[in-house]
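This report refers to the structure that appears directly beneath it.
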Amino acid sequence: MVPISWAPILLVFALCGFALLFFLPAVLELRKPRDNGPRRVAESTMEFNRKKVLKLGVDTIRIMGDVEFPSDVEAKENIVVEGSLVIGDGCHFCGSVKTSGDVEIRSKVVIEGSLVVGRSLKLGKDTRIKGSVDAKGTVHLGENSFVGLSLTSGGDVEMGRGAKVFKNIFSQGSIRVFGISETER
C-alpha cells in the first residue's frame, strides 16, 4: 500500500473553496438580480393633424413631420419635431422645443425652456424665449423679442428694433442690428 500525501488533496479542496467563495456573489446575482437593468421609457403613439405623435415619458412628446400650431395654444410638455415648425400668435410652451427643420415663431409667443433649431429661425414680434437658442442656420429676431440666455447661430443673426439677448451671441456669419440710429450705438 502506497502512503497518500494529503497536501495536494487539501490544496485542491482549498482552491475549490476559494473559487466558490469568490464567485458566489456573481452566481447569486444571476439567480436573483437586485437591479433589473435600464428602465424602459413608456412610449405611446397618437395622432395630431394626421401626424404621428409619440409620448416619450411623462413630459416629452415627439411629432413626426412638419407641424403648425394654431394661435393661443398652451403646451406643458417638451416638444420634439422631426421636421419644420410654425407656432401661431400668443402660444405658450412650458418646456423646451427642438426641431430638425426651419422654425417660424409668430408674435407674442413664450417658450419657458430652450429652443434648438435644425435649420433657420425666424422669431416674431414680442416673442420671449427664457432659455437659450441654438440654430444651425440664420436667425432673425423680430421687434422687441427676447432671448434669456445665449444665442448660437450657424449663419447670420439679424436683430430687429428692441430685440435683446441677455447673455452672448455666437455667430458663424455676420450680426446685423436693425432700427438703431447712429447716435444710439
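Taking segment 48-82 as the search range and keeping residues that are small (Gly, Ala, Ser) and modelled with pLDDT of 80 or more, which one is farthest from the chain's Cα centre (by Cα)?
The extreme case among them is Ser71.
Before we move on, is Val81 crowded, with 20+ Cβ neighbours inside 10 Å and either touching a residue at least 60 places away in the same chain (Cβ under 8 Å) or of a type outside the set (Phe, Trp, Tyr) (or both)?
Considered against the rule, which asks whether it is crowded, with 20+ Cβ neighbours inside 10 Å and either touching a residue at least 60 places away in the same chain (Cβ under 8 Å) or of a type outside the set (Phe, Trp, Tyr) (or both), Val81 comes out as yes.
Identify, from the list Gly179, Gly162, Gly155, the residue that is in a loop (DSSP other than H, G, I, E, B), more than 25 Å from Ser71 (Cβ to Cβ), over 23 Å from the mean Cα position of the chain (by Cα) and not basic (Lys, Arg).
Gly179
Got a number for residues in segment 96-155 being farther than 16 Å from Ser84 by Cα and among the acidic types (Asp, Glu)?
3
Within the set of pairs 6 or more residues apart or between chains, which connect a residue that is β-branched (Val, Ile, Thr) and at pLDDT below 95 inside segment 96-115 to a residue that is surrounded by 24 or more Cβ atoms within 10 Å (Cβ to Cβ) and outside any strand (DSSP E or B) with Cβ atoms less than 6 Å apart?
Ile105/Thr127; Val109/Thr127
The values are calculated or read from the model by the stated rules, or taken from the named source; none is laboratory data. Computed from a predicted structure; not experimentally measured. Quick reminder, even Gly has a Cβ in these numbers, built from the backbone with ideal geometry, and neighbours come from all protein chains shown.
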